[in-house]
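A.B. asks: Could you have a look at this structure, given as structure tokens, before my questions?
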Amino acid sequence: MKAIIISIGDELLIGNTLNTNAHWLGIELTQLGIQIKATWTIPDEKSEIIYYIKQAQNQAEIILITGGLGPTNDDLTVDAIAAYYQEELIYHNDIWENIKSMYTSRNREIHEPSIKLAYLPKSATPIFNTQGTAPGSLYLSENTLMASMPGVPYEMKKMMELTVIPAIKKKFSLPFIVNKYFYTAGVGETILSDALTNFEKNIPENFSLAYLPSVGKVRLRLTGRGNDLNKLKQTAENLSKEIQEAIDKYIY
């Protein structure tokens, strides 16, 4: 199961805003046993958004988009998705009522341009925003799930928690995932890799070994994915013993 994360916003590209959304989504999807194929950061341009949605649809089953859902003229994600699907925008009165109640609860004046937020592509399933005004949207096809969410981190995270992750679990049969970590010091990753050459040649296809170097230390991560959790855990234990035997003198 592969996923692509698309982060939209000029502020991300020029460094004004740190892209914490992609970081958080990567962690959450990995914990679900989903492989992150790519993370793309793209500008607030309609043609670019359409292009990258098309690329993502051809490469992954899960596409998560953040940003570009506000009421201003540079928020183009909804229009781009509608153009990609060749659909008209449909007004949702329940979304508008939710937006108005959000303004009222915060003692803020309702601005008419905000009604733009109540329009979504025809095939969209609305994702109500419990933390802000801009709704998200969910798009399901036979083989893919695409979600569009706000760029505001706490709004996006709540949509993931309440709607998107449950939808992913319902649509796809996700594998179990097991990670084992090994901490080494006083040795470079090249020497470790040489010591583990035979191990890596014979590692099962559903397991992988990653080298994560830092100053004076190298952390190794053994990752396994599978549908049988007990078998996965046992295989991970057996492989861990092999790793320890090969590089025991470097592990702390």
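The values are calculated or read from the model by the stated rules, or taken from the named source; none is laboratory data. Fair warning: this is a prediction, and the values are worked out from it, not measured in the lab. Methodologically, a virtual Cβ is constructed for each residue, glycine included, from the backbone with ideal geometry; neighbour enumeration extends over all protein chains shown. Side chains included, ligands, DNA and RNA excluded: accessible areas come from the protein's heavy atoms. Shrake-Rupley method; radii C 1.70, N 1.55, O 1.52, S 1.80 Å.
A.B. asks: When the Cα centres of the stretch 27-58 and the stretch 147-196 are compared, how far apart do they sit, in Å?
C.D. replies: Using only Cα atoms to place each centre, the spacing works out to 15 Å.
A.B. asks: To continue, here is another question. Pro71: net charge of surrounding residues, Cβ under 15 Å, Lys/Arg +1, Asp/Glu -1, itself excluded?
C.D. replies: -4
A.B. asks: How are the alpha carbon pair distances in the chain distributed across 5 Å bins from zero to the largest one, expressed in percent?
C.D. replies: Calculated over all Cα pairs of the chain, the distribution is 1, 6, 12, 14, 15, 13, 10, 9, 7, 6, 4, 3, 1, 0 percent.
A.B. asks: Once fully extended, how much extra length lies between Trp24 and Ile165, figured as 0.36 nm per residue of separation less the alpha-carbon to alpha-carbon distance?
C.D. replies: Result: 49.4 nm gained on full extension.
A.B. asks: Within the chain, what percent of beta bridges assigned by DSSP are antiparallel, to the nearest 5?
C.D. replies: So the antiparallel bridges in the chain amount to around 65 percent.
A.B. asks: Another one. Beyond 18 Å between alpha-carbons counts as too far, so tell me which of Lys180/Lys231; Lys180/Lys233; Lys2/Lys171; Lys2/Lys46; Lys2/Lys54; Lys180/Lys241 fall in that bin.
C.D. replies: Violating the 18 Å Cα-Cα cut-off are Lys2/Lys46.
A.B. asks: Note down the nm distance, to one decimal, between modelled labels 7 Å out along Cα→Cβ at Lys37 and at Ile90.
C.D. replies: Here the modelled spin labels are 2.8 nm apart.
A.B. asks: Pop a pseudo-label 7 angstrom from the Cα along the beta-carbon direction at both Tyr51 and Asn198 and give the gap in nm to one decimal.
C.D. replies: About 5.0 nm separates the two model spin labels.
A.B. asks: Considering only protein heavy atoms and a probe of 1.4 Å, how much of the accessible area of the chain is carbon and sulfur, as a whole percent?
C.D. replies: 48
A.B. asks: Give the accessible surface of the stretch 76-116 per residue, rounded to a whole number of Å², with probe radius 1.4 Å and ligands, DNA and RNA excluded.
C.D. replies: Averaged over the residues of the stretch 76-116, the accessible area is 62 Å².
A.B. asks: Okay, moving on. If you count only protein heavy atoms with a 1.4 Å probe, what accessible area per residue comes out for the stretch 118-159, rounded to a whole Å²?
C.D. replies: Here the per-residue accessible area is 38 Å².
A.B. asks: Jot down the radius of gyration and Dmax of the stretch 141-244, Cα atoms only, both in angstrom.
C.D. replies: 18.4, 51
A.B. asks: Using just the helices of the chain, give the 222 nm mean residue ellipticity in deg cm²/dmol: DSSP H runs with n ≥ 4 each add -39,500 (n - 2.57), and the total is spread over all residues, rounded to 500.
C.D. replies: Value at 222 nm, helices only, nearest 500: -11000 deg cm²/dmol.
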